[in-house]
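Reviewing the structure listed below.
The values are calculated or read from the model by the stated rules, or taken from the named source; none is laboratory data. In this text the structure is predicted, and so the values were computed from the model without any measurement. For neighbour counting, all protein chains shown are included, and Cβ atoms are generated from backbone atoms with ideal geometry for every residue, glycine included. Areas reflect the complete protein model, heavy atoms only, side chains present, ligands, DNA and RNA absent. Shrake-Rupley method; radii C 1.70, N 1.55, O 1.52, S 1.80 Å.
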Amino acid sequence: DGGITQSPKYLFRKEGQNVTLSCEQNLNHDAMYWYRQDPGQGLRLIYYSQIVNDFQKGDIAEGYSVSREKKESFPLTVTSAQKNPTAFYLCASTTSGGTNEQFFGPGTRLTVL
Amino acid sequence: AQKITQTQPGMFVQEKEAVTLDCTYDTSDQSYGLFWYKQPSSGEMIFLIYQGSYDEQNATEGRYSLNFQKARKSANLVISASQLGDSAMYFCAMRAGPGGGADGLTFGKGTHLIIQP
């Protein structure tokens, strides 16, 4: 089945540690995205990538980094510079053209202790 | 810049009634698209319906319809004959801007819909 996988579902880290969230898609989509969701809030864009080896900052990129070495993969690193990293992180992908409907993964809930 | 406003933080609706979730948007682009997503308590985002700015007809998908009023910049979601399984967060989102949506969606803060038996 085609889709987007994110791992792990729940992640706990100590303050000051970097952590990498995985996102893989087998939909052959060109563009991939990372969003952050805080309780009672909508989604905010962290980073996006429209093609391999290229990515752009979204609205809240500070304290995060990404890479896009393969079309299928778009990992997100939450660095120690991110002041409030505890949140729900959603990865999405889309084809170019058309409605640009975004398909979402199941999300990773990160808790920093 | 684009902005989505959802003014109903929460709604309680009786089962089998119709429900309207409000969404207003702001953009200076002529070409844009509007989406509604459902987020159950499990967290995944489920696509419901899409409306393009040039679409003349209101979008419909099964029990979901989008009441698109371009002049008012509103894109309300209508759910007919609500069911208990409709209880969830609902988000309105928009694609616009120079990338035509390839640079991400702008989301509202959501409406928490609870269907009561």
Is it the case that segment B:34-43 has a residue that's touching a helix residue (DSSP H, G or I) at 6+ places or on another chain (Cβ under 7 Å) and open to solvent by less than 30 Å² (accessible area, probe 1.4 Å)? no
The residue from A:ALA61, A:ALA87 that alone is of a type in the set (A, V, I, L, M), closer than 20 Å to A:ASN18 by Cα and in contact (Cβ under 8 Å) with a residue 24 or more places away in the chain is A:ALA87
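In this structure, is B:SER31 touching a Ser or Thr at 6+ places or on another chain (Cβ under 7 Å), closer than 14 Å to B:SER74 by Cβ and either of a type outside the set (A, V, I, L, M) or surrounded by 15 or more Cβ atoms within 10 Å (Cβ to Cβ) (or both)? Let's see the steps before the verdict.
Working: touching a Ser or Thr at 6+ places or on another chain (Cβ under 7 Å): yes; closer than 14 Å to B:SER74 by Cβ: no; either of a type outside the set (A, V, I, L, M) or surrounded by 15 or more Cβ atoms within 10 Å (Cβ to Cβ) (or both): yes.
Taking the combined requirement at face value, the residue does not satisfy it.
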Working only within segment B:47-80, note down all residues that are surrounded by fewer than 13 Cβ atoms within 10 Å (Cβ to Cβ), among the hydrophobic types (A, V, I, L, M, F, W, C) and part of a strand (DSSP E or B). none
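Right, B:GLY110: in contact with a strand residue (DSSP E or B) (Cβ under 8 Å, 6 or more places away or on another chain), within 14 Å of chain A (Cβ to nearest Cβ), open to solvent by less than 10 Å² (accessible area, probe 1.4 Å) and modelled with pLDDT of 95 or more or not?
On the way: in contact with a strand residue (DSSP E or B) (Cβ under 8 Å, 6 or more places away or on another chain): yes; within 14 Å of chain A (Cβ to nearest Cβ): yes; open to solvent by less than 10 Å² (accessible area, probe 1.4 Å): yes; modelled with pLDDT of 95 or more: yes.
Criteria met by B:GLY110.
Does B:THR27 fit the bill of being among the polar types (S, T, N, Q) and modelled with pLDDT of 95 or more?
Numbers: among the polar types (S, T, N, Q): yes; modelled with pLDDT of 95 or more: no.
No: the conditions fail for B:THR27.
Select from segment B:1-17 the residues that are assigned to a loop (DSSP other than H, G, I, E, B), within 14 Å of chain A (Cβ to nearest Cβ) and out of contact with any His (no Cβ under 9 Å at 6 or more places or on another chain) and list them in ascending order.
As a first pass, look at segment B:1-17 and keep what is assigned to a loop (DSSP other than H, G, I, E, B): B:1-2, B:6-9, B:15-17.
Applying the additional criterion that residues be within 14 Å of chain A (Cβ to nearest Cβ) yields B:1-2, B:6-9.
Passing the criteria: B:ALA1, B:GLN2, B:GLN6, B:THR7.
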